[in-house]
Amino acid sequence: MTMADPYTPEKSKALFGNSHMSTVMLEIASLEDETFSPKQIIDRTGLLGSVVHPLIHRLTDAGQIEYLGRGADGKAKIYRVRHTHIWDAMKKYADGVDDELAKRAS
């Protein structure tokens, strides 16, 4: 199940300066593995690559994720989540989003 939060683009923009950053961060935080490719995030969020790639670069520049190199296919860029408090906060936020979505559905 994806944790993307389509209900808070305004909150995301206010907090991160981008309407889609919280969606990307929630997806990264929800991954079972600590490594991922931008394509995984694109597929899970439905956002365009032209939206996701710059946000991944911003997260890399901010020290929240790190670039590991190319995948086995030689094409996919692979990143790893760095253990910082922001990811704990995003997971807690995602739990709240899931609770809110469940309330709205009932």
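Every number in this text was worked out from the coordinates using simple rules, so none of it is lab data. The structure presented is a predicted model; accordingly, all values stated were derived computationally and were not measured. Here Cβ is always computed from backbone atoms with ideal geometry, including for glycine, and neighbour counts include all displayed protein chains.
At 7 Å along the Cα-to-beta-carbon direction for both Arg58 and Lys91, put a label point, then send me their distance in nm to one decimal. A separation of 2.4 nm, rounded to one decimal place.
Electrostatic tally near Phe36: other residues with Cβ closer than 14 Å to its Cβ, Lys and Arg +1, Asp and Glu -1, net 0.
Model label sites at Phe16 and Lys39, defined 7 Å from Cα along the beta-carbon direction, differ in position by 2.2 nm. Sorted from longest to shortest, the spans of the Cα atoms of segment 26-88 along the three principal axes equal 31, 24, 23 Å.
What Kirkwood radius, in Å to one decimal, follows from the Cα pairs of segment 57-96?
Details: mean 1/r = 0.0879 Å⁻¹.
For segment 57-96, inverting the mean 1/r across all distinct Cα pairs yields 11.4 Å.
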